[in-house]
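Okay, structure first, notes after.
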Amino acid sequence: MSIAPANEYTIPTKDTINQGVLLKEKNDLQLVEIPVPEPPAGHVQVQVKCTGICGSDVHLWKHGEIGIFPVCAPQLLGHESAGVVTALGEGVTTLQVGDRVAIEAGIPCSACDQCMMGRYHLCPDVVFKSTPPYDGQLARYITHPARWLHKIPANISYGEGALLEPLSVAIAAVDRVRAQFGRSMLIAGSGPIGLLILAVAKATGVHPIAITDVNQSRLDYAKKMGATITYKINPENSELQTAKELRALFGGEGAECSLECTGIESSFRTAIMATRDAGTCLLVGVGKNDQTLPVNNFAMREVDIRGLFRYHHTYPRAIALLSSGILDIKHLITHTYDFADALEAFEKTHDRNSGALKVQIIN
Ligand SMILES: NC(=O)c1ccc[n+]([C@@H]2O[C@H](COP(=O)([O-])OP(=O)(O)OC[C@H]3O[C@@H](n4cnc5c(N)ncnc54)[C@H](O)[C@@H]3O)[C@@H](O)[C@H]2O)c1
Ligand SMILES: OC[C@H](O)C(O)[C@@H](O)CO
């Protein structure tokens, strides 16, 4: 495995070969040659230096869908990326060749009501890279609108630049539950998203924070990151029993807010039941389109059920948190693979027993 030095980049020539990680159809992932794209007006060409693999990419590969988005044609994967600008399209004045950038994967229309109200992540016409039917960013060279690139300072590596995307999800999630200093939180699931939420919640002063998983090594990792309590889910136990034990972790009342980060229906149900009266339960995990929820349990206790869809206006905050050293999350990157070994990187992420947290592909 040979990895190019982090700060080198190559301006493509007519002989440069571009490659991408293409999901041809469910269960069929291939490394393919694709043309080097030229940037249209307002766009720049980026040599993508690093892309992290998200649980959603693996879900698309293995299940042929993510939530309400079915794979309908061959498409590139990947939406957690950072890179370097290698060419400017007409009219671009805000960036220069050589600028190091994080790539915000969603490109909204910037004209509809939701966009005009600042909720551009809910734009009905948003082009989100790697969510079907749109190509992702797992290629050696891509183009992207200059507006949706964020310059990263020298003290943020490309690996951390790629982590800004899932970190954005975590910031948006902590915002959505209106988490507060000294108020309790339950996080269901200790994958990269649950752990990033843990990091953001801790930095916000949330306390105590309990986090669950079925996998003990992930819980051990969460403990090292400063979770107050870790709780191993026993699938043999009834949901009621699990919820009762989770409530007991918070003095019997349950958590002020609960964030479901697994996409598993029973985990959502227990998170609802483990939320204290008048608290908030947020669904972050993407699972089945239709799920059965304990409606009287949450309605008669005035527990607010909320959803999360990505993020908006988070990149500048995420960059400031990393650059200032307030958050250090680079330890979550457990494995890096050269672009040529991208398919191996996907296998590693998929293997639940590999000990991998965030796997990234380097170009
Ligand atoms: N809402 C959004 O905008 C958004 C954005 C990004 C990711 N997501 C979703 O968030 C979820 C988490 O992402 P990730 O990358 O951390 O995924 P992941 O699959 O790596 O992590 C999920 C974790 O949940 C654990 N788990 C499985 N069953 C469990 C159970 N019953 N109880 C407790 N823990 C259990 C797994 O062991 C794993 O550690 C995924 O569903 C992903 O698609 C949503
Ligand atoms: O962080 C972005 C998310 O992974 C995607 O929105 C995915 O969950 C659905 O498209």
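What follows draws every value from the coordinates through simple rules; no lab data is involved. On a predicted model such as this, the values are computed, not experimentally measured, just so you know. Glycine gets a Cβ as well: all are built from the backbone with ideal geometry, and neighbour counts include every protein chain shown.
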query = Nearest-5 percent of antiparallel DSSP beta bridges in the chain?
reply = 60
Ordering of 143-155, 86-98 by burial proxy (mean other Cβ atoms within 10 Å per residue, highest first) = 143-155, 86-98
key: Global size of the stretch 1-142 as Cα Rg and Dmax, reported in angstrom   = 15.8, 48
request  = Hey, can you grab everything whose amide H is under 5 Å from the amide H of Arg276? Only 5+ residues off in sequence or another chain; H modelled, so Pro and N-termini drop out.
outcome  = Ala255, Glu256
Under Karplus coefficients 6.51, -1.76 and 1.60, residue-wise ³J(HN,Hα) of the stretch 27-32 in Hz, glycine/proline x = 6, 10, 10, 9, 8, 10
task = Just need the Rg to Rh number for the chain, please, alpha carbons only, Kirkwood Rh.
result = 0.97
query = If one computes the Cα centroid of the stretch 316-348 and of the stretch 101-134, what distance in Å separates the two points?
reply = 23
request  = Can you tell me what the convex hull of the Cα atoms of the stretch 120-161 projects to on average, as an area in nm²?
outcome  = 4.1
remark   = Descending packing, highest mean Cβ count within 10 Å first, for 222-230, 323-331 is 222-230, 323-331
inquiry  = To test your reading of the geometry: what angle, between 0 and 90 degrees and rounded to tens, separates the Cα axis of helix 192-204 from the longest principal axis of the chain?
reply    = 70
message = Can you list residues from other chains, or at least 5 along the same chain, whose modelled amide H is less than 5 Å from the amide H of Val36?
response = Asn18
Using alpha-carbon coordinates, inclination of helix 158-176 to the longest axis of the chain, degrees = 40
Convex hull volume per residue in cubic angstrom - Cα atoms of the stretch 169-307 = 91
task = Convert each backbone phi in the stretch 110-122 into a coupling constant with the Karplus relation 6.51 cos²θ - 1.76 cosθ + 1.60 (shift: θ = phi - 60°), then list the ³J(HN,Hα) values in order as whole Hz, x for Gly and Pro.
result = 6, 9, 7, 4, 4, 4, 5, 8, x, 8, 5, 5, 9
task = At a Cα cut-off below 14 Å, give the aspartates and glutamates reachable from Lys224, other chains included and same-chain residues fewer than 8 away excluded.
result = Asp328
task = Measure off 7 Å from each Cα along the Cα-to-Cβ vector at Arg301 and Glu344, then give the distance between these two points in nanometres to one decimal.
result = 4.8
query = With a sphere of radius 11 Å drawn around the Cβ of Phe268, what net charge do the other residues whose Cβ falls strictly inside it have (Lys, Arg +1; Asp, Glu -1)?
reply = -1
remark   = Sorted on mean Cβ neighbours within 10 Å (highest first), peptides 274-280, 235-241 come out as 274-280, 235-241
query = Taking H as built 1.01 Å from N, whose amide H comes closer than 5 Å to the amide H of Thr262, not counting residues under 5 places away?
reply = Gly285
query = Quick one: how many lysine pairs in the stretch 15-153 have C-alpha atoms under 22 angstrom apart, if they're 8 or more apart or on different chains?
reply = 8
inquiry  = Using each residue's phi in the stretch 89-100, evaluate 6.51 cos²θ - 1.76 cosθ + 1.60 at θ = phi - 60° and report the 3J(HN,Hα) Karplus result to the nearest Hz, with x for Gly and Pro.
reply    = x, 4, x, 7, 10, 8, 10, 10, 4, x, 5, 8
